[in-house]
Ligand SMILES: Nc1ncnc2c1ncn2[C@@H]1O[C@H](COP(=O)(O)OP(=O)(O)OP(=O)(O)O)[C@@H](O)[C@H]1O
Ligand SMILES: [Mg+2]
């Protein structure tokens, strides 16, 4: 949370508050981007303006709580509490509860058109699956609790519409760690890779061969509704918001089956359209290839008529090494060809430089600089090479369940916000 613009006209007050009420206050002020001291100030003002004290709050277990209030407010609050025959701790708890009641949690802002994020690069092993899963987990996280995010200062400023406009000098480092509410999106992950890594990493089973699958739906040979194939990724922090369409090894033959399909670029769109209304964001974990199925994925990420630029598109995962650059050229030429051939608007959501380790020396640092220099699309995240990612894969748990406070999750939350 940001610090107040000035403490000079405020005085520090120390009292007590029950831990549950303090936690609710912390979350709600973060959700509304309000300073805790301003919330307490408003709560006390409203409380004092009431005709009589509201019903009591259970203050058992109250712990030390300090904040800053405008000079004189605490003194008159003390007098009001005395007049009403309530203790200061009870009065403060009532004031905070009153503020919470008057300032309900904001509802999650949902996109009007489902956002489609195509995570791609035909180069293998760069971390497409890890970035797809982590971004999805960050997008689906619980909006009613706080999670650590390493967020660039200017992003935080834009979100809070405050900051240095008043001429205050920057006091924080360019990359601050903040506790922010989850984004609360309803998210569908598509394991579009016949290897099924995403499915397995999330502890789920690939769909059995010979049954229904995304490939069948794309080939126009569906055996039932697509929704029946989708499974939830269970964990309290995702509520029931994070779902997965598991892979099936029949996707190894997807390009062959697509070759006879009419308007095959639109095959993924046709297959997914029946479930789109259930989700805010759909992420496609692409295989390391550049075939017809990739065309269908890119087509699916094109900008639709009613959509804002940059809401959907291709998110390209690369590594800071020389061979990544050649792969990138091939991928962008495929995207540009499709864009020109079919007259589509296809947006790039950005480059993610993954598995970065500056200790690897000049090759890593100069390659990172080369990615930075591209500028369009710009680098939207640099994700370090961290052991918790590999460990989460090993134990087949979502990263955000295995290590919710780890640096990897912290970086991926920032990425999810950067492309939102
Ligand atoms: N930032 C990271 N830090 C540490 N390990 C990572 C990171 N990102 C990915 N990995 C690990 O690198 C390996 C390859 O990652 P991943 O499977 O996500 O790549 P991919 O591009 O999807 O591969 P493929 O092309 O085969 O689909 C995995 O073991 C994964 O856990
Ligand atoms: Mg993969």
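Since every read-out is calculated from the coordinates, none of them should be taken as a lab result. The model shown is predicted, which means the values in this text are computed figures rather than measured ones. All Cβ positions, glycine included, derive from the backbone under ideal geometry; neighbour counts span all protein chains shown.
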> Based on the Cβ-Cβ distance from residue 11 to residue 87, what FRET efficiency comes out when R0 is 22 Å, to the nearest 0.05?
Replying inline: 0.60
>> Tell me the angle of helix 128-140 to the major Cα principal axis of the chain, expressed in degrees between 0 and 90 and rounded to the nearest ten.
In response: 30 degrees
>> Tell me whether region 8-102 comes out rounded, prolate or oblate; compute the Cα gyration tensor, take square roots of the eigenvalues as a ≥ b ≥ c, and use a/c under 1.5 as the rounded threshold.
In response: rounded
>> Students often check this: by mean Cβ neighbours within 10 Å, which of 291-300, 272-281, 366-375, 402-411 ranks highest, and how do the rest follow?
In response: 291-300, 402-411, 272-281, 366-375
> Rounded if a/c is under 1.5, else prolate if a/b is larger than b/c, else oblate: which is region 321-408, with a ≥ b ≥ c the root eigenvalues of its Cα gyration tensor?
Replying inline: oblate
> Expressed as a whole number of Å, what is the distance separating the alpha-carbon centroids of region 327-400 and region 123-149?
Replying inline: 14 Å
>> Calculate the FRET efficiency for residue 332 and residue 23 from the Cβ-Cβ distance with a Förster distance of 41 Å, rounded to the nearest 0.05.
In response: 0.30
>> Pick from 354, 240, 121 the residue whose mean-square fluctuation is largest in a GNM of the chain, springs joining Cα atoms under 10 Å.
In response: 240
>> Taking a ≥ b ≥ c as the square roots of the Cα gyration tensor eigenvalues, with a/c under 1.5 meaning rounded and otherwise prolate when a/b beats b/c, else oblate, which class fits the chain?
In response: prolate
> Taking the alpha-carbon centroid of each part, what is the distance from region 184-226 to region 16-87 in angstrom?
Replying inline: 51 Å
>> Sorting check: for 180-190, 24-34, which peptide has the highest mean count of neighbouring beta carbons within 10 Å, and how do the rest follow?
In response: 180-190, 24-34
>> For the chain, give me the percentage of DSSP beta bridges that are antiparallel, rounded to the nearest 5 percent.
In response: 40 percent
> Peptides 328-337, 124-133: what's the order by average Cβ count within 10 Å, highest mean first?
Replying inline: 124-133, 328-337
